[in-house]
Amino acid sequence: MDNISTIYKLSFLAFTCFIHVYGTSCPVLECWFVQEKPGRGGGFPAAMIQEKSLLYINTDSETKSQQEPSADINHDRVYYITDPAAILCSSSLHPPEGSVHKPQCEINPFMPQPSTVQWAVPLTDSAHSPIYLQADWYSAALQGLDGQLGLSSVMRAPTATKEPTVVLSVSSRTPLVRSRLGEPVVLDCGFWMEATSPLSGSGFAVEWRYQFRGDGRLVLAYDGKTDRFAETKEKGAGLDFTALHETGNASLILQEAEVRHTGTYICTVYLPYLLAQVAVELEIVEPPSLSIFPSPLPLSVPGQVVKVQCEASGFFPLSLEFHWELTGPDGKVRPLGQGSVTGHRQGPDNTYSQTTRLELDSAKLDLGRGGEVTCVAVHPGGTRRASVTLNVIGVNGPSIEDSMAMVAVALGLYGLIKIVSWTFNSGSDDTNSQEKKVK
């Protein structure tokens with residue numbers, strides 16, 4: 001866990017060096033301002049207003065961008081944001097000039113309010129809301145290029161201004177994580193809070209929730225103010241408490257990946273009256289193990305049908321494609337089709353098994369003298385292959401293998417004849433000896 005804490009410290013140091021060398025101004029972010037349309041009622045879903053917006057990012061409030069927004073942007077939707085942590089300056093949020101790929105960005109009005117979850121209630125045990133909350137509040141959700149960053153920020157702006165300052169940021173550098181079964185998994189989540197904010201000195205709370213196809217559960221919840229965990233049924237999940245309190249590393253640690261862990265995990269960080277969250281997708285990908293039966297294959301003669309089957313077991317997810325190949329003595333590879341594929345079976349550990357069967361008819365498939373028969377299973381976790389040798393004898397005159405087989409058979413027959421002959425002769429000699437003694 002010390003390694004995780006070190007990574008966060010190095011990341012912060014890198015940001016500091018970047019700011020010192022290159023200045024405090026960051027590239028402009030194109031965003032969408034989204035809010036509910038006023039005047040909608042009667043139980044109907046709220047209509048949404050969506051407008052283009054620009055975010056000018058600086059790392060200190062003394063520096064303000066001198067750039068002028070384009071004419072197609074409403075000036076009321078231009079914001080000059082101060083982000084002391086410089087997370088909004090991440091390279092994954094700023095594509096190269098002229099790139100058609102853009103990061104996803106949405107900014108919304110935000111209403112500070114006390115949390116009702118039990119592990120965050122102690123953060124707002126006072127009945128009085130601080131004057132600090134009397135301001136314009138915004139939340140921004142961003143997704144970096146190529147899934148490199150997920151970010152959620154809560155910002156405060158003096159009333160009737162467009163100059164918000166980031167108060168709380170929650171981010172993940174790995175919004176998508178893939179793991180094999182049995183491996184330890186770290187779902188990255190880190191948070192930063194403005195040290196000068198009156199809200200930052202009253203503690204924090206961290207919550208991890210799981211969602212998958214309508215199923216949801218609480219994985220872990222921690223009240224940093226009282227240093228207590230909420231009771232959950234989840235086993236094998238934890239946090240690095242040293243990194244959590246020192247660097248804001250709230251990453252979820254799963255001791256051993258299982259199929260049931262596949263899904264979406266939501267990391268939520270609470271401050272008094274504020275919250276921000278990011279989602280992390282966990283995919284469990286386990287490739288199949290292959291086995292071929294029978295092995296080795298029996299010798300085959302022209303016109304004979306040899307049946308072979310290949311079983312793929314222990315794989316997840318279900319997506320799997322079979323096909324067969326024959327590699328002849330000359331090294332050429334011939335496709336033999338996918339065979340007859342059975343339905344999948346699910347084991348106690350929720351992994352899958354599936355079988356394909358192939359009939360090798362030398363008369364129909366022109367198998368020649370045979371070769372190496374290979375079962376190929378293509379899976380998101382990787383392609384797996386298993387092979388067995390097929391020998392067809394008596395094709396266009398004897399081959400070396402055929403000759404060796406016939407010599408072996410001939411030697412066997414010769415030996416059998418010699419044994420029978422020796423036994424018969426030995427019995428005759430004993431009989432003659434006894435007759436001579438009688439005489």
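The values are calculated or read from the model by the stated rules, or taken from the named source; none is laboratory data. Just so it is clear, the model here is predicted, and its values are computed rather than measured. Methodologically, a virtual Cβ is constructed for each residue, glycine included, from the backbone with ideal geometry; neighbour enumeration extends over all protein chains shown. Heads up: the accessible areas ignore ligands, DNA and RNA and are worked out on the full protein's heavy atoms, side chains in. Shrake-Rupley method; radii C 1.70, N 1.55, O 1.52, S 1.80 Å.
Tabulated results
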{"item": "Flag if Leu290 is more than 27 Å from Gln354 (Cβ to Cβ) and either in contact (Cβ under 8 Å) with a residue 60 or more places away in the chain or surrounded by fewer than 18 Cβ atoms within 10 Å (Cβ to Cβ) (or both)", "result": "no"}
{"item": "Filtered residues of segment 328-359 (kept if assigned to a loop (DSSP other than H, G, I, E, B), open to solvent by 30 Å² or more (accessible area, probe 1.4 Å) and of a type in the set (Ser, Thr, Tyr))", "result": "Thr342"}
{"item": "Test result for Val269, under 23 Å from Gln118 (Cβ atoms), surrounded by fewer than 22 Cβ atoms within 10 Å (Cβ to Cβ) and of a type in the set (Val, Ile, Thr)", "result": "no"}
{"item": "Breaking point among (1) over 30 Å from Val167 (Cα atoms); (2) open to solvent by less than 20 Å² (accessible area, probe 1.4 Å); (3) of a type in the set (Gly, Ala, Ser); (4) modelled with pLDDT of 95 or more, for Ser313", "result": "(2)"}
{"item": "When residues of segment 206-235 are limited to those that are open to solvent by less than 30 Å² (accessible area, probe 1.4 Å) and among the small types (Gly, Ala, Ser), the one nearest to Leu271 (Cα to Cα)", "result": "Gly224"}
{"item": "Any strands (runs of 3 or more DSSP E) falling wholly within segment 104-205 and containing at least 2 residues that are open to solvent by 30 Å² or more (accessible area, probe 1.4 Å), in contact (Cβ under 8 Å) with a residue 60 or more places away in the chain and of a type outside the set (S, T, N, Q)", "result": "104-109, 176-179, 190-193"}
{"item": "Conditions (1) buried (at least 20 other Cβ atoms within 10 Å of the Cβ); (2) touching a residue at least 40 places away in the same chain (Cβ under 8 Å); (3) part of a strand (DSSP E or B); number of the one not met by Ala257", "result": "(3)"}
{"item": "Pick from segment 79-99, criterion surrounded by fewer than 17 Cβ atoms within 10 Å (Cβ to Cβ) and farther than 16 Å from Gln143 by Cβ, ranking: nearest to the chain's Cα centre (by Cα)", "result": "Pro96"}
